[in-house]
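A short write-up of the structure that comes next.
A short reminder: the numbers here are calculations on the coordinates, not readings from a lab. What you see is a predicted model; the values in this text were computed from it and never measured. Glycine also receives a Cβ, built like all others from the backbone with ideal geometry; neighbour counts cover every protein chain displayed.
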């Protein structure tokens, strides 16, 4: 019986801790608004919807893992204000885009594009249509 009571107390504490931490992130001072995760949401579409980069979204929401595979329906995300793209230039990924073509469009190197967008993997095979990328100064 004592073990069941301990388990119940632990479960309640864990639930409170995890759900409270989501609210803390959502009330971060960098937030200009909040967004509640819906079924089918992915980081790329959420970031594009709010005209921010995936890096901005991840920085404002430390609970998001590096692959953005842990979004939970009902989770409240912090939506930061101004994008953290130093050049102020962003590009929305379109069907058929690859890193080399995007880099060539802006007369930058693929390495510079990668450095400004840490969410791009080493093979540049994880771009998503609608994803907003930061374009560094050339």
Would you list 134, 99 from fewest to most Cβ contacts within 10 Å?
99, 134
Under 12 Å from the residue 87 label point (7 Å along Cα→beta-carbon), backbone N, region 100-138:
102-117, 133-138
Using Cβ counts within 10 Å as a stand-in for footprinting exposure, how do 114, 104 rank, fewest first?
104, 114
Multiplying the sequence separation of residue 112 and residue 125 by 0.36 nm and subtracting their Cα-Cα distance, what value in nm do you get?
3.0 nm
Mind ranking 56-65, 121-130 by how tightly packed they are, going by the mean number of other C-beta atoms within 10 angstrom, highest first?
56-65, 121-130
At 0.36 nm per residue, minus the direct Cα-Cα distance, what do residue 42 and residue 105 gain on full extension? Give it in nm, one decimal, please.
20.0 nm
Considering the Cα positions of region 46-101, please state its Rg to one decimal place and its Dmax as a whole number of Å.
12.6, 37
In terms of the alpha carbon gyration tensor, root eigenvalues a ≥ b ≥ c, rounded if a/c is under 1.5 and otherwise prolate when a/b exceeds b/c or oblate, region 89-135 is rounded
